[in-house]
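Asker: Pasting in a structure now, in structure tokens, and then I'll have a few things to ask.
The values are calculated or read from the model by the stated rules, or taken from the named source; none is laboratory data. If you're wondering where the values come from, they're calculated on a predicted model, not measured in any experiment. Positions of Cβ are generated from backbone atoms using ideal geometry, with glycine treated the same way; all protein chains shown enter the neighbour counts.
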There are 2 protein chains.
Amino acid sequence: MDISALGEFELIARLTAGLATRAAGDVGIGDDCALLDLGSGDLLLATCDCQVEGVHFTLQTSSPEHIGRKALAINLSDIAAMGGTPRYALVSLLLPPHLSVDVLDGIYAGLRAEAQRFDTTIVGGNIAGTGAAQQLVIDITLLGTVARGHAILRSGARVGDLICVTGSLGDSAAGLQTFLRPATDAVLPHDLQALRGRHTAPLPRVHEGQLLASFKAGQITAMLDISDGLSGDLTHLCERSGCGARVDLATIPLSTPLSHVAQALQHDPLDWALHGGEDYELLFTLQLPSLDEVRTALQEQCGTPLTVIGEIQPLSAGLTLAHSNGHTEPLHAHSWDHLKPKK
Amino acid sequence: MDISALGEFELIARLTAGLATRAAGDVGIGDDCALLDLGSGDLLLATCDCQVEGVHFTLQTSSPEHIGRKALAINLSDIAAMGGTPRYALVSLLLPPHLSVDVLDGIYAGLRAEAQRFDTTIVGGNIAGTGAAQQLVIDITLLGTVARGHAILRSGARVGDLICVTGSLGDSAAGLQTFLRPATDAVLPHDLQALRGRHTAPLPRVHEGQLLASFKAGQITAMLDISDGLSGDLTHLCERSGCGARVDLATIPLSTPLSHVAQALQHDPLDWALHGGEDYELLFTLQLPSLDEVRTALQEQCGTPLTVIGEIQPLSAGLTLAHSNGHTEPLHAHSWDHLKPKK
């Protein structure tokens, strides 16, 4: 049997089965970051994520600077998803021998700019050649800190909690489609630029995550970032919290450029919002009495809108999608699987 | 210009120029690990290193278990080189789609076994597909701790310090040659197994490094692990310490299997010992009055021999190799460069 028959998530479950964390205070496998207790006032957060040429990016559609920025941004987003403060990055590069030095300089300029933007220091790394393979890989480990008792895990959602997202969903997937599909003449340049920007240079919600972690324990009950797509990531959150969820379709926040491009490409924008990946918005749950306070703080301190898109349900209710006419249907995860062949 | 024209070390210098560490207490780029101050009693060590199929290993010459073990061992060796205690590992895998699940299970069994051997917890990681490329990559970030004031850097060597190594040198390079060269009929199976074992499943000197860091500050003045080869790694140590060095050729410790195999393959064993990589022994400097105490402790507590192979010289003396007849010659680094084409 080869690994493509298993797929990414089954393989992770297989490899991590039985991997225990060292101490009761540590949280390991299964959240956005590992949460580690080294005995100081803050806990340590550690995460790693990589970008592979031809899988996650191409030099035809992204500038070297954007590739570098995004490689760090997706890790910053994992720290944000636990409410942490990014601190230190290690950058591991796999370089094909005939890569141009200019491209590498550009990637590193992007890495440095993104690190500086979020007060993160590049403290180490590694360079290796790819041998016969011709694909550039940027693999980053990011360390952060979070005040003891303030990390927000995936596992804390409870029945009746409101399901919230920052910003808008689907833009990144729509931006990717404008690269892949030729019919972009009908799309306004301004809309094209906005959506492609969200795909090639996503903004990690670091400040928003820190703000959410600063509330009293129990106000924000669970959180992760939307990297696989809303349907997939809400599934992860519900699995870890042992609950179900209802998403109200009409409330999902869509941007104006997304609506325009969906019309031009004749695609349902809600498909991108529900199942498209790489939005890097925060998906979190909170208790109803905290809603106004949290919404106001996010708007005033970060300029970021909060939208309530549904409610946590009992486990037995499963994941459902509620239409505005009252009809409900099961919500299935259609996440991107990096290991399974494309349909 | 493409990167192979620059080579690994020039490229690292180019990319890391101007990368500053955050605080005065932190040591970043240029040592075996980054040394980070998060405010607890211990300092944090962070390092990453990867193994690429076809560059660092092949499934023809290493078992999946050994590949997993070695991928972690080379990182454990970096923690050892600073005198630290390994704590947490993050495992990033790049998987070709048709990799067999059995191979991956074997690699992970090796990773777990090596982690358990050195009381290290695998707390996270990432899995990505390689797309069109067919090379397996195992990229590991390892975190460790070291008591404040006890980390041993590359930069502390002073004129007159003795240059010491643990164990014996050249075995790994000789083991690799027995895979590459067909004339191994003349080699005894026991010798073949010993040298190949040092290449495919090196033992990181974690306990030795911790012991060396436990001495009073200033007794052990500088340290790194021998991954690039003695000539290359001594060059790194001298560059960081701003000094020269004399290596006494006759004192370099060679194992009995190495001597046998060198004879069978008609190769100078000192060439492997000086310039072969991946021995993962510790190379360190100490002040003469500490020699007996340190040698006895290493032997009694770790069962590991210490050999004095030379002396730190003024910068102006450069790096020299002293023959037993009194003749000296310059010692040039012939380190493996992962980016330059092979000769």
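Asker: Determine which single condition A:Gly83 fails, assuming it passes every other condition in (1) more than 10 Å from every other protein chain (Cβ to nearest Cβ); (2) in contact with a Pro (Cβ under 6 Å, 6 or more places away or on another chain); (3) under 27 Å from A:Ser214 (Cα atoms).
Answerer: Evaluating A:Gly83 over (1) more than 10 Å from every other protein chain (Cβ to nearest Cβ); (2) in contact with a Pro (Cβ under 6 Å, 6 or more places away or on another chain); (3) under 27 Å from A:Ser214 (Cα atoms) leaves (2) as the failure.
Asker: Taking the residues in the stretch A:80-110 that are among the aliphatic types (A, V, I, L, M) and assigned to a loop (DSSP other than H, G, I, E, B) as candidates, determine which candidate is farthest from A:Leu43 (Cα to Cα).
Answerer: A:Leu99
Asker: Another one. Which condition does A:Arg246 not pass, out of (1) assigned to a strand (DSSP E or B); (2) in contact with a Lys or Arg (Cβ under 8 Å, 6 or more places away or on another chain); (3) charged (D, E, K, R), if it passes all the others?
Answerer: A:Arg246 satisfies every listed condition except (2).
Listed here are the residues, each with its yes/no results for (1) among the acidic types (Asp, Glu); (2) surrounded by fewer than 18 Cβ atoms within 10 Å (Cβ to Cβ).
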{"site": "B:Cys238", "(1), (2)": "no, no"}
{"site": "B:Thr251", "(1), (2)": "no, yes"}
{"site": "B:Pro257", "(1), (2)": "no, no"}
{"site": "B:His260", "(1), (2)": "no, no"}
{"site": "B:Asp271", "(1), (2)": "yes, yes"}
{"site": "B:Thr285", "(1), (2)": "no, no"}
{"site": "B:Gly303", "(1), (2)": "no, yes"}
{"site": "B:Pro314", "(1), (2)": "no, yes"}
{"site": "B:Ala317", "(1), (2)": "no, yes"}
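Asker: Give the residues of the stretch A:169-185 that are loosely packed, with under 14 Cβ neighbours inside 10 Å and within 12 Å of A:His267 (Cβ to Cβ), sorted by residue number.
Answerer: Answer for the stretch A:169-185, where residues must be loosely packed, with under 14 Cβ neighbours inside 10 Å and within 12 Å of A:His267 (Cβ to Cβ): A:Leu180, A:Arg181, A:Ala183.
Asker: On the given criteria, is B:Val159 buried (at least 20 other Cβ atoms within 10 Å of the Cβ), over 30 Å from A:His56 (Cβ atoms) and touching a strand residue (DSSP E or B) at 6+ places or on another chain (Cβ under 7 Å)?
Answerer: It is false that B:Val159 is buried (at least 20 other Cβ atoms within 10 Å of the Cβ), over 30 Å from A:His56 (Cβ atoms) and touching a strand residue (DSSP E or B) at 6+ places or on another chain (Cβ under 7 Å).
Asker: Just the residues that are touching a helix residue (DSSP H, G or I) at 6+ places or on another chain (Cβ under 7 Å) and either more than 12 Å from chain B (Cβ to nearest Cβ) or under 21 Å from A:Pro204 (Cβ atoms) (or both), please, taken from the stretch A:103-118.
Answerer: Answer for the stretch A:103-118, where residues must be touching a helix residue (DSSP H, G or I) at 6+ places or on another chain (Cβ under 7 Å) and either more than 12 Å from chain B (Cβ to nearest Cβ) or under 21 Å from A:Pro204 (Cβ atoms) (or both): A:Gly106, A:Ile107, A:Tyr108, A:Ala109, A:Gly110, A:Leu111, A:Ala113, A:Glu114, A:Ala115, A:Phe118.
Asker: Out of A:Leu249, A:Leu237, A:Leu254, which single residue is under 24 Å from A:His150 (Cα atoms), at pLDDT 95 or above and in the same structural domain as A:Asp185 (by TED's automatic domain parsing)?
Answerer: A:Leu237
Asker: Please state which of the following conditions A:Leu180 fails to meet, knowing it meets all the rest: (1) modelled with pLDDT under 95; (2) within 19 Å of A:Ala81 (Cβ to Cβ).
Answerer: It is condition (2) that A:Leu180 fails.
Asker: Another one. May I ask you to say which residue of A:Ser100, A:Ser92, A:Ser40 is buried (at least 24 other Cβ atoms within 10 Å of the Cβ), more than 20 Å from the chain's Cα centre (by Cα) and within 12 Å of chain B (Cβ to nearest Cβ)?
Answerer: Only one candidate passes the filter, namely A:Ser92.
Asker: From (1) at pLDDT 95 or above; (2) outside any helix (DSSP H, G or I); (3) not small (Gly, Ala, Ser), pick out the condition that doesn't hold for A:Glu300.
Answerer: Every condition holds for A:Glu300 apart from (2).
Asker: Filter the stretch B:326-336 down to the residues that are modelled with pLDDT of 60 or more and in a loop (DSSP other than H, G, I, E, B), then identify the one that is nearest to B:Glu278 (Cα to Cα).
Answerer: Per the criteria, the residue is B:Ser335.
Asker: Got at least one residue in the stretch B:70-81 being among the polar types (S, T, N, Q) and in contact with a strand residue (DSSP E or B) (Cβ under 8 Å, 6 or more places away or on another chain)?
Answerer: yes
Asker: Mind listing whichever residues of the stretch B:295-320 are within 11 Å of B:Thr166 (Cα to Cα) and of a type in the set (A, V, I, L, M, F, W, C)?
Answerer: B:Leu298, B:Cys302, B:Leu306, B:Val308, B:Ile309 - these are the residues of the stretch B:295-320 that are within 11 Å of B:Thr166 (Cα to Cα) and of a type in the set (A, V, I, L, M, F, W, C).
Asker: Here's a follow-up. Can you name the number of the only condition in (1) within 22 Å of A:Leu44 (Cβ to Cβ); (2) away from chain A (no Cβ under 11 Å) that B:Ser155 fails?
Answerer: Evaluating B:Ser155 over (1) within 22 Å of A:Leu44 (Cβ to Cβ); (2) away from chain A (no Cβ under 11 Å) leaves (1) as the failure.
Asker: Next question. Test of understanding: among A:Thr85, A:Thr58, which residue is surrounded by fewer than 24 Cβ atoms within 10 Å (Cβ to Cβ), under 23 Å from A:Arg154 (Cα atoms) and hydroxyl-bearing (Ser, Thr, Tyr)?
Answerer: A:Thr85
Asker: Also: Filter the stretch A:127-165 down to the residues that are among the β-branched types (Val, Ile, Thr) and over 30 Å from B:Val91 (Cβ atoms) and list them by number.
Answerer: A:Val159, A:Ile163, A:Val165 - these are the residues of the stretch A:127-165 that are among the β-branched types (Val, Ile, Thr) and over 30 Å from B:Val91 (Cβ atoms).
Asker: Right, here's the next one. How many residues, within the stretch B:209-231, are of a type outside the set (S, T, N, Q), out of contact with any Asp or Glu (no Cβ under 9 Å at 6 or more places or on another chain) and in contact (Cβ under 8 Å) with a residue 24 or more places away in the chain?
Answerer: 6
Asker: Report, by residue number, each residue of the stretch A:1-22 that is assigned to a loop (DSSP other than H, G, I, E, B), at the interface with chain B (Cβ under 7 Å from one of its Cβ atoms) and modelled with pLDDT under 80.
Answerer: Of everything in the stretch A:1-22, those that are assigned to a loop (DSSP other than H, G, I, E, B), at the interface with chain B (Cβ under 7 Å from one of its Cβ atoms) and modelled with pLDDT under 80 turn out to be A:Leu6, A:Leu19, A:Thr21, A:Arg22.
Asker: Condition (residue is farther than 30 Å from B:Phe215 by Cα, in a loop (DSSP other than H, G, I, E, B) and either modelled with pLDDT of 85 or more or not hydroxyl-bearing (Ser, Thr, Tyr) (or both)) applied to the stretch B:23-44: is it met by at least one residue?
Answerer: Within the stretch B:23-44 (the criterion being farther than 30 Å from B:Phe215 by Cα, in a loop (DSSP other than H, G, I, E, B) and either modelled with pLDDT of 85 or more or not hydroxyl-bearing (Ser, Thr, Tyr) (or both)), the answer is no, since none of the residues qualifies.
Asker: In addition: Being within 24 Å of A:Lys216 (Cα to Cα) and free of Cβ contacts under 8 Å to residues at least 24 places away in the same chain is the requirement here; does A:Thr307 meet it?
Answerer: no
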